[in-house]
Amino acid sequence: MLLKRLTEASGVSGNEKEVRDIIIDEIRDHVDDVKVDRLGNVIAFKKGKNNHKKLMVTAHMDEVGLMVTDIDNMGLLKFTTVGGIDKRILVSKQVLVGKNKIFGVIGAKPIHLQKREEWQKALNIDQLYIDIGVNTKEEAEKLVSIGDYVLFHGQYIEFGENLVKAKALDNRVGCSLLVELLKEIEDTSFYGVFTVMEEIGLVGAGPAAYSVDPDISIILEGTLCYDIPKLDKHLIPTYLNMGPAISLVDRTTLYNMDFRNKIVKIARKNNLPYQYRKTSMGGNDSGKILTTKEGSITATLSVPCRNIHSPTSVMSKNDYNNTYKLLKAILTEYKKGEL
Amino acid sequence: MDTKEFLKLLSNGSSVSGHESRLNDEIISTFKTYADNIWIDKLGNIIILKRGTNDQSNFKIMVAAHMDEIGLMVKYIEDNGFLRFTNIGGIDPRTILGQEVIVHGNKDLFGVIGSKPPHLQEPSEINKAIKIEDMIIDIGYPKKEVEKHVSIGDPITIKRNFTSLQGNKVMGKSLDDKAGIAAMYECIKELSKINHEADIYFVSTVQEEVGMRGAFTSTYKINPDIGIAIDVGFGSTPELPKGDTIDMGKGPGITIGGNIHPGLRGKIVAVAKDYNIPFQFEVTPGPTGTDGRAMQITREGIPTLCLSIPLRYMHTSVEVIDMMDLKNTAKLLAFFMASISSENLEGLLCY
């Protein structure tokens, strides 16, 4: 299954090769052109009959993770974060280090040896390290180098009512939607772009948009979902199982109202559920695409993901399917020249 | 069965204090080959008897390792189906955020412990640990469906797959003290190859993590001449004071302190030296936090020893041990027990 393969692949920002290879392998026979640019973005083009406006659909390939910064005398690995990670979710987890995916754990001081006030404080990154089981620095250096990427270890698991738990749902969910779209849609011209290094500052999107130079862009994302009970409703950014989230505003973009309203209309016309993304926090590739060259109009469609940026992200297959349906409906209107 | 395979089975299995019987079948069927008799007492302790060479009036040695593990328990079901929970045994709340769990309802249900996205957090929040009462477990069903399978009080374990690390190290959840159970198994295998006079009672004790309750009752019933607890000790890591820890890969920790009978300790050190088995000392002046504490003060008092397998990251779900330490613990224990005879016992216990 594509989403399983994509989420279990290694693709910490700057090291997207595994993900890129899966994507190219999947789409190669279904697109008219596919190239990898100088930054590692995948730019695919699908040729159809319409040619009024240039549409680009994007999804970033990278995920948050860690990077080895030092190896101590006991062979324990110090690390830093790559992308936005809550340091508190790192404790007591399994990770995979480097190209050879050496298995390691991030442990913590035994509770028995702590003072009571210690547990009330979050552990800082500099208090944590990765243990791969070696006893000395020399043994570790045979297996690991400074600068090695570190990946959360997490399997794709389906559970509950149509839910999926996986690492890197942000944004393999977007990659999976875009791959399916490129494979299924016929007779409609559009660019499918898979970007690198979104999580460390929207690095790939600008250059990709520069070379594609789109009129309109749709950014596909996994977005934050925090639908816990007893939270004021207006504080809940998105709900699970309530359909694709359409962005209003985030730290990088004030989304174009006309384009957004057209998308809402299309959702209504097709009887598809949708919700607004009700937070201004976070941001995505839209921020760069919006302002590249003469600029382009953007919209973001997201699949809500609980526990985003953690190894235990959760999404609903219903939301995934409804996002895909809405995306297809948008492309149908686009083909008719209605966007 | 290979001892590492057995340890994997135990580590991946679930036996939260008070719910240990889920492991009974695995433990009994594995020990059966080497045991003369196995029974379960009123509290749920599994007692595995291996008889000594002289059937008449054998003295008794009891070896205890606890089969229970720390865990979580369902406390409340929210309107949207999320579970609220509390802890059983000593859990650092910081180690359970973002974990995969198994809720042991009328069937096993997969779930995750939820966390707030970093994007939504105030800068001040990020330095505070999240309390257990502010976490939720998401098992992915609406309340109605949850209630069909989950009841208040159901135990929950972290889902963790026992895995080999580099060298002889392995990692898994609840190696505290399933490594001890596996060491008893390795020991009974060793004993099948050598003569021992004592009747040896291997006890998989229950409820150690909540107050050594199984050790109290099983020691009372067995009334051994010598009691030995096999538990885990703090493996050294950079942030821990050297004096509080034992090193990985350097053999079992032999505890020194008030909980330990000095004559027996002297003997076990001598045996380790005779057989060239590596060992280290672990200093605990007062009562140990092990079944050895319960043994020592049962009935009129029982002369007690404690052996510790070095273990890193105790009470997290990524506990690490070195399999060589486990094997050396078992070997030392076997040779020590074989060295005790009805002739030397009294002398060893004399003050």
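Values computed for the structure shown
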{"quantity": "Condition met for B:V206 (hydrophobic (A, V, I, L, M, F, W, C), in contact with a His (Cβ under 8 Å, 6 or more places away or on another chain) and buried (at least 23 other Cβ atoms within 10 Å of the Cβ))", "calculated": "yes"}
{"quantity": "Residue that is nearest to the other protein chains (Cβ to nearest Cβ), among those in region A:194-218 that are closer than 19 Å to A:K54 by Cα and under 11 Å from the mean Cα position of the chain (by Cα)", "calculated": "A:T195"}
{"quantity": "Among residues of region B:60-94, those that are among the aliphatic types (A, V, I, L, M), over 30 Å from B:I188 (Cα atoms) and under 21 Å from the mean Cα position of the chain (by Cα), counted", "calculated": "4"}
{"quantity": "Sole residue being of a type in the set (K, R) and either more than 8 Å from chain B (Cβ to nearest Cβ) or farther than 29 Å from A:R306 by Cβ (or both), chosen from A:K142, A:K93", "calculated": "A:K142"}
{"quantity": "Whichever residue in region B:78-93 is surrounded by 20 or more Cβ atoms within 10 Å (Cβ to Cβ) and assigned to a strand (DSSP E or B) and, among such residues, is nearest to the other protein chains (Cβ to nearest Cβ)", "calculated": "B:L83"}
{"quantity": "Test set (1) touching a strand residue (DSSP E or B) at 6+ places or on another chain (Cβ under 9 Å); (2) surrounded by fewer than 19 Cβ atoms within 10 Å (Cβ to Cβ); (3) in contact (Cβ under 8 Å) with a residue 24 or more places away in the chain - A:H112 fails condition number", "calculated": "(3)"}
{"quantity": "Selection within region B:86-100 - under 11 Å from A:L123 (Cβ atoms) and in contact (Cβ under 8 Å) with a residue 60 or more places away in the chain", "calculated": "B:D92, B:T95"}
{"quantity": "Single condition A:N50 does not satisfy, out of (1) touching a helix residue (DSSP H, G or I) at 6+ places or on another chain (Cβ under 6 Å); (2) modelled with pLDDT under 95; (3) not assigned by TED's automatic domain parsing to the domain that holds A:G206", "calculated": "(3)"}
{"quantity": "A:L66 being crowded, with 23+ Cβ neighbours inside 10 Å, at pLDDT 95 or above and touching a strand residue (DSSP E or B) at 6+ places or on another chain (Cβ under 7 Å)", "calculated": "yes"}
{"quantity": "Residue list for region B:246-292, restricted to those being farther than 20 Å from B:Y351 by Cα, under 21 Å from the mean Cα position of the chain (by Cα) and in contact (Cβ under 8 Å) with a residue 60 or more places away in the chain", "calculated": "B:I246, B:D247, B:M248, B:G249, B:K250, B:G251, B:P252, B:T290, B:D291"}
{"quantity": "Hits in region A:258-293 - residues which are assigned to a helix (DSSP H, G or I) and crowded, with 19+ Cβ neighbours inside 10 Å", "calculated": "A:I263, A:I266, A:A267, A:S286, A:G287, A:K288, A:I289"}
{"quantity": "Failed item in (1) over 17 Å from the mean Cα position of the chain (by Cα); (2) closer than 20 Å to B:V150 by Cβ; (3) more than 14 Å from chain A (Cβ to nearest Cβ); (4) outside any strand (DSSP E or B), with B:T53 passing the rest", "calculated": "(2)"}
{"quantity": "Yes/no for B:V74 being among the aliphatic types (A, V, I, L, M) and either within 14 Å of chain A (Cβ to nearest Cβ) or surrounded by fewer than 17 Cβ atoms within 10 Å (Cβ to Cβ) (or both)", "calculated": "no"}
{"quantity": "Neighbours by Cβ (under 9 Å, 6+ apart or cross-chain): first from region A:180-207, in the same structural domain as A:V42 (by TED's automatic domain parsing) and more than 17 Å from A:T292 (Cα to Cα); second of a type in the set (D, E) and assigned to a strand (DSSP E or B)", "calculated": "A:E199/A:E63"}
{"quantity": "Wholly enclosed strands (runs of 3 or more DSSP E) of region B:198-301 bearing at least 3 residues more than 14 Å from chain A (Cβ to nearest Cβ) and hydroxyl-bearing (S, T, Y)", "calculated": "B:199-205"}
{"quantity": "Per-region count, region B:169-184, residues outside any strand (DSSP E or B) and surrounded by fewer than 24 Cβ atoms within 10 Å (Cβ to Cβ)", "calculated": "0"}
{"quantity": "Per-region count, region B:96-126, residues within 7 Å of chain A (Cβ to nearest Cβ), within 20 Å of B:Y76 (Cβ to Cβ) and surrounded by fewer than 18 Cβ atoms within 10 Å (Cβ to Cβ)", "calculated": "0"}
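Residues are listed down the side, and each one gets a yes or a no for (1) in contact (Cβ under 8 Å) with a residue 40 or more places away in the chain; (2) aliphatic (A, V, I, L, M); (3) not in a helix (DSSP H, G or I):
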residue: A:L301; (1), (2), (3): yes, yes, yes
residue: A:Y320; (1), (2), (3): yes, no, no
residue: A:L327; (1), (2), (3): yes, yes, no
residue: A:E338; (1), (2), (3): yes, no, yes
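The values are calculated or read from the model by the stated rules, or taken from the named source; none is laboratory data. Note that this is a predicted model, so its numbers are computed, not measured. Here the Cβ is made from the backbone with ideal geometry for all residues, glycine too, and neighbour counts use every protein chain on show.
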